[in-house]
Amino acid sequence: RRPNLALIGATGAVGTVMRDIVSTRADIWGEIRLVASPRSAGKALRVRGEDVVVQALAPEVFDGIDIAIFDVPDVVSAVWVPIAAERGAIAVDKSGTFRMEPDVPLVVPEINPLEARNRPRGIISTPNCTTLSMMAAIGALHAEYTLTELVVASYQAVSGAGVAGSARLYDEVEALAGDRTIGQAAGDVRKALANKLPADSPFPAPIAFNVVPWAGSLKEDGWASEELKLRNESRKILGIPELKVSSTCVRVPVITTHSLAVHARFEREITVADAHRVLEAAPTVVLMDDPANGVYPTPLDVVGTDPTYVGRIRQAIDFPNSLDLFVCGDNLRKGAALNAAEIAELVAAEF
Ligand code: 2RA
């Protein structure tokens, strides 16, 4: 039978992409129910070419639902994911709330699809967008060469911080446009923005004309939550509890598509040609690696598409068995909505 699907958080940045994804992929669903906060309830939104009225989040919205995809803040998932599961829906949760719990699988369908069946609590988590943006490529290389270490620098798009993140970058760019004197003296952009925009921003520093070495919340010893997620989630997805991971997460003035500079070490020797062969064979990875002809991925060239793009693959000169590479992935698609939809499709195949 065709299972019934609920999208919780249907009006957010990821929710909007999710509606597009379920409308354009193979239509395997019975009812698709849209759910959001009471503020958005009553609005009609397009899904599969039809207007669907958004319902306010309440226990009854899960009645008759087989699979519920959640893209809501951690605190909302903490309360409502268990309610959905109690009422019989399988919950696919995008929040960080359950990802590291041992009885909740953390699934990337290219890498560990069978884990989706192992869900004693009726909950499946989908990873953080930063982890997901590189996982298809790293997972393919790991399957053949056995990963031992990852050192990552991220270049994270503002839409990772939701609709408010994109709005802030657009506002800052608009406020600064045309002024060719700024960006040349310490603090001048902060001053120019202070006169034109509200002080509260999703980012701790100006994001236009800038890069900000901070994403997420403060954790122990000065780590940002995004950096710890990248470490913990990579270990769990790849099934390597001892994987050595270190990273610095940086926000950049890009609307959508996270990029990562990855230094990866493997158990055995791996050449650039080996990596090309593996990545060319990976169905959801696109290799763009011809620097002599200016071919490498950039966020602007891949945004709005589904694959994970890889380029700039080099054999690390001073580190054995190691590659350096550059990865781009749309943080709202594979980084969020698409991976959740793919997990939901795995579950739907059981009906
Ligand atoms: C970000 N990874 O980019 C986060 C979103 N979950 O802010």
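The values are calculated or read from the model by the stated rules, or taken from the named source; none is laboratory data. Here the structure is a predicted model, which is why all the values come from computation and not from measurement. Heads up, the Cβs are rebuilt from the backbone with ideal geometry, glycines too, and the neighbour counts pull from every protein chain shown. Surface accessibility is based on the protein's heavy atoms, side chains included, excluding ligands, DNA and RNA. Shrake-Rupley method; radii C 1.70, N 1.55, O 1.52, S 1.80 Å.
Figures for the structure shown
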quantity: Using a Förster distance of 41 Å, the FRET efficiency for A44-F319 (Cβ separation, nearest 0.05); calculated: 0.15
quantity: Proximal charge balance of G311 [Cβ under 15 Å; K/R count +1, D/E count -1]; calculated: -3
quantity: Set K219/K244; K43/K94; K94/K334; K229/K334; K94/K236 screened for pairs whose C-alpha atoms are more than 21 Å apart; calculated: K43/K94
quantity: Euclidean distance between Cα centres, the stretch 49-123 to the stretch 217-252, Å; calculated: 23 Å
quantity: Dipole-positive endmost among I21, Y145, Q55 within the stretch 6-155 (Cβ charges, Cα centre); calculated: Q55
quantity: Centre separation in Å (Cα based) which lies between the stretch 1-42 and the stretch 150-216; calculated: 31 Å
quantity: Relative contact order, percent, the chain [alpha-carbon distance under 8 Å, six or more residues apart]; calculated: 20 percent
quantity: Surface accessible to a 1.4 Å probe, per residue, for the residues of the chain, Å²; calculated: 44 Å²
quantity: Neighbourhood net charge (15 Å Cβ-Cβ; Lys/Arg +1, Asp/Glu -1) for P127; calculated: -3
quantity: Structure-based [θ]222 nm, the chain - -39500 (n - 2.57) summed over DSSP H runs of at least 4, per residue, nearest 500; calculated: -9000 deg cm²/dmol
quantity: Candidate residues W223, W29, W80: accessible-area rank, largest first, probe 1.4 Å; calculated: W223, W80, W29
quantity: Carbon + sulfur, % of accessible area of the stretch 103-166 - ligands and nucleic acids excluded, 1.4 Å; calculated: 53 percent
quantity: Cβ-defined net charge surrounding V14, 15 Å radius [Lys, Arg +1; Asp, Glu -1]; calculated: -3
quantity: J(HN,Hα) series, the stretch 218-226, from Karplus relation 6.51 cos²θ - 1.76 cosθ + 1.60, nearest Hz, glycine and proline x; calculated: 6, 10, 4, 6, x, 6, 8, 4, 4
